[in-house]
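Some notes on the structure that comes next.
The values are calculated or read from the model by the stated rules, or taken from the named source; none is laboratory data. Quick caveat, the model's predicted, so the values are computed rather than measured. Please note: Cβ atoms are built from the backbone with ideal geometry, for glycine as well, and neighbour counts cover all protein chains shown.
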Amino acid sequence: MAEKRFALLQGNEACVEGAIAAGMRFFSGYPITPSTEIAENSALRLPQVGGKFIQMEDELGGMAAAIGASVAGVKAMTATSGPGFSLKQENIGYASAAEIPCVIVNVQRSGPSTGLPTSPSQADVMQARWGTHGDHPIIAISPSGVQETYDLTVRAFNLAEKYRTPVILLMDEIVGHLREGVELRPAEEMEIINREVWDDPERARHPYRMDEGQLVPKMTPFGEGVGYNITGLSHDGEGFPTNSNEVTNAAMRRMLDKIEKNLGDIVTYEELMLDDAEVAVISFGGAARSVMGALDKAREMGIKAGMFRPITIWPFPEKQVRELAEKVRHIIVAELNDGQLTLEVERVVGGRCPVSHLGKIDGTVLKPDEILEKLKEVSK
Amino acid sequence: MASRLIDEYFRQSKLPHIWCPGCGHGILMRDVAQAIDNLGLDKHKVVIVSGIGCSSRAAGYMDFDTIHTTHGRAIAFATGIKLAKPELNVIVITGDGDAAAIGGNHLIHACRRNIDLTVVVFNNNIYGMTGGQYSPTTPTGDFGTTAPYGNIDLSFDLPALAQAAGATYTGRGTAFHVPQTVKLIENGIKNKGLSLIDCVSVCPTYYGRKNKKGSAVDMMKWQRDNAVDAKKAASMSEEELKGKLVIGEMYHREKPEYTAEYQKLIEKVGGAK
Amino acid sequence: MASPTKKLCVKPEWCKGCGICVAFCPTETLELKNGKISIAKPESCVACGMCEMRCPDYAVYLTEEGDN
């Protein structure tokens, strides 16, 4: 499969190919619909490239083993869906606090609880941001098609390594099971970011102490003769537990700032027909595909509509959406949930223009006609 | 200045440790270092993985690559480390609650895979860090802060549990029986597969006090006076073994080891470099 | 009888006063003084190492003479 440059693939399959191109050599997970093909294809493909796949005993173990592999210096990923994403939150928090790069794929399905296992949804938007306890940095990115799944999986690994953080690839059942032609660009033709390690073992003993000009402190894999400590407890520059409020505050600030102060690098989005738009639809992932269908029809009817598609969901493209709100008369947020991203958009827009929610909570997709109706309604 | 063993394998700037006066964990942690020293392992290739609880603070004191993980998940983290880098000696230091309650699923499945990890359980028969709640190894009838009328749960026999799940080396030591416990840990590290050493600690602060077991010294004397070697125990009746603590090597056999099998799989499908 | 080659050392600043070393010393060499380890009778040490192996706090140990 990997030798071919062009292939007809499912989103879930493209995710695995992208991960391997990015350097993933470890996958640990647990079967769950609709993400299972990611585990299956990892099991098939990883040993072919000298990598390792392990089906763990549960979702918690799948997350934990991926972090373990990353600590050992191997790029690692796990994949799941709603119920499993809930279970992984504990160790996502650990990876965030201990700053261990890893990629977590969540192919969203309809919830809550077991919900509609084979139906699409985008109702884990807030969980992706706040699913684990405590203030913590996180990045979540969401593809709308198969090619983008390939490309964004590569980006997810790059961001994870660059910012020493777990990155959530927030897919949905639509994209996961969608089949499209995809160009499997080889690693040599892409930017691949690998972990920066210390050459000096003495300096490497401080994997949480940042030097001036650094984005994040470098981290040397286990087994390289450094002998340092990692903990999920609040820790000092050496990685040892601390009860100091001052040290904790500084460490927390540094961790949160590595994302908040680099939005320009992290945040990506797509703008479609927004130049003269009076109404903007904000949509992401699989739902954004329906919006594209609706926009052409709206334009034919004389409605000046465009789409803003956040590719980075977290951190949310606040500045861009605020600017958008200054330009358009109305914003519609089209998403497969009861208004999770709408909440964020409303917060960011802050009354600059009206914001309407258009959603689905029954396990079906938004149809272009439904979006068109909404566009007509707000354009009256 | 401390002893050569402590100098070489401990982060002295982090000592004295946080454990209570008389806690057996300090003795057991030294046993682990002694076993590593006796085997002459390259300390740069040793990784200590711990979970959460009193036991798991050990990771912070030992001078290796160490990782203090989440509650119950030490073995799952260790599985990732070992599979990613099989050349590392991965030793898990965990507790009775960490390994057998919240982490029970990871424990039995690591045993089933026979992945080459050495699981050293600092078993104090209680949840110490949270103040003395009953654990999966608290004997029936004993007291804990969540068993104010006596514990009605039946307890786990950890080596038997591990053996039944597929572990290839199991044994039990105590805080008192230092040379024997060191030997068991050594054998566990040498075994190419999942080894579990149940190290019965003493917790004078919570388990001891709640159950009127006396001081740390009294608890260690009890271990000295009531331990029966597994070989001898094999010929004793259930009646004779009542109130005794069976220690020593309990099980050892060879079976295919997980990471070695995976390497064969990689070679079979042509993925080897 | 002190060992000809090994010397008994204590590190009172690490001692928590549990008394395990005192209890298991076969020659009553050690004592607790103000709650900390102390060598009461250095001449009676037989360098058996019972104290070192069971001290939970690494506050007592034997060194080869001359290498401290």
Heads up, the strands (runs of 3 or more DSSP E) in region A:126-204 (entirely inside) with at least 3 residues that are among the small types (Gly, Ala, Ser) and surrounded by 17 or more Cβ atoms within 10 Å (Cβ to Cβ) are none
### Query
A:SER234: hydroxyl-bearing (Ser, Thr, Tyr) and more than 14 Å from chain B (Cβ to nearest Cβ), yes or no?
no
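Could you tell me whether B:ALA175 is surrounded by fewer than 19 Cβ atoms within 10 Å (Cβ to Cβ) and under 14 Å from the mean Cα position of the chain (by Cα)?
The answer is no for B:ALA175.
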Residue pairs within 8 Å by beta carbon, gap of at least six or interchain, first lying in region A:320-338 and closer than 15 Å to A:ARG309 by Cβ, second surrounded by fewer than 20 Cβ atoms within 10 Å (Cβ to Cβ) and of a type in the set (Ser, Thr, Tyr), listed first then second, are A:GLN320/A:TYR269; A:ILE331/A:SER356; A:ILE332/A:SER356; A:VAL333/A:SER356
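If the requirement is being closer than 21 Å to B:LEU265 by Cβ and surrounded by 24 or more Cβ atoms within 10 Å (Cβ to Cβ), which of these qualifies: A:ALA79, A:ALA14? If you could, list the steps in order and put the result at the bottom.
On the way: A:ALA14 fails: closer than 21 Å to B:LEU265 by Cβ.
Just a single option satisfies the conditions, and that option is A:ALA79.
For B:ALA162, indicate whether it is touching a Leu at 6+ places or on another chain (Cβ under 7 Å), more than 14 Å from chain A (Cβ to nearest Cβ), crowded, with 24+ Cβ neighbours inside 10 Å and assigned to a loop (DSSP other than H, G, I, E, B).
no
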Fill in: Qualifying residue in region B:110-127 (condition: facing chain A (nearest Cβ under 7 Å) and either among the charged types (D, E, K, R) or in contact (Cβ under 8 Å) with a residue 40 or more places away in the chain (or both))
no
Restricting region B:222-247 to residues that are surrounded by 17 or more Cβ atoms within 10 Å (Cβ to Cβ) and under 24 Å from C:GLY17 (Cβ atoms), the one farthest from the other protein chains (Cβ to nearest Cβ) turns out to be B:TRP222
Counting only residues that are in contact with a strand residue (DSSP E or B) (Cβ under 6 Å, 6 or more places away or on another chain) and more than 9 Å from chain B (Cβ to nearest Cβ), region C:9-29 contains a total of 3
Selection from region B:165-188 of residues part of a loop (DSSP other than H, G, I, E, B), among the aromatic types (Phe, Trp, Tyr) and more than 14 Å from every other protein chain (Cβ to nearest Cβ) yields none
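Within region B:93-104, can one find any residue that is surrounded by fewer than 24 Cβ atoms within 10 Å (Cβ to Cβ) and in contact with a His (Cβ under 6 Å, 6 or more places away or on another chain)?
Within region B:93-104, the subset surrounded by fewer than 24 Cβ atoms within 10 Å (Cβ to Cβ) is B:101-102, B:104.
Filter again for in contact with a His (Cβ under 6 Å, 6 or more places away or on another chain), leaving B:102.
Yes: region B:93-104 contains one or more residues that are surrounded by fewer than 24 Cβ atoms within 10 Å (Cβ to Cβ) and in contact with a His (Cβ under 6 Å, 6 or more places away or on another chain).
Just a yes or no: is a residue in region B:197-211 out of contact with any Cys (no Cβ under 8 Å at 6 or more places or on another chain), in a loop (DSSP other than H, G, I, E, B) and surrounded by fewer than 13 Cβ atoms within 10 Å (Cβ to Cβ)?
Step one: of region B:197-211, the residues out of contact with any Cys (no Cβ under 8 Å at 6 or more places or on another chain) are B:197-200, B:206-211.
Retained after the next criterion (residues that are in a loop (DSSP other than H, G, I, E, B)): B:211.
When the remaining residues are screened for being surrounded by fewer than 13 Cβ atoms within 10 Å (Cβ to Cβ), the result is none.
No, region B:197-211 has no match at all.
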Would you check if there is a residue in region A:108-115 being outside any loop (DSSP other than H, G, I, E, B), under 16 Å from the mean Cα position of the chain (by Cα) and either surrounded by fewer than 24 Cβ atoms within 10 Å (Cβ to Cβ) or more than 7 Å from every other protein chain (Cβ to nearest Cβ) (or both)?
yes
A:ALA79 assigned by TED's automatic domain parsing to the domain that holds A:VAL107, more than 16 Å from A:THR153 (Cα to Cα), at pLDDT 95 or above and in contact with a Gly (Cβ under 7 Å, 6 or more places away or on another chain): no
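Can you pull out the helices (runs of 4 or more DSSP H) entirely within region B:1-96 that have at least 1 residues that are facing chain A (nearest Cβ under 8 Å) and more than 15 Å from the chain's Cα centre (by Cα)? Steps first, please.
Values: elements: B:4-9, B:25-39, B:58-61, B:74-84.
Passing ranges, in order: B:58-61, B:74-84.
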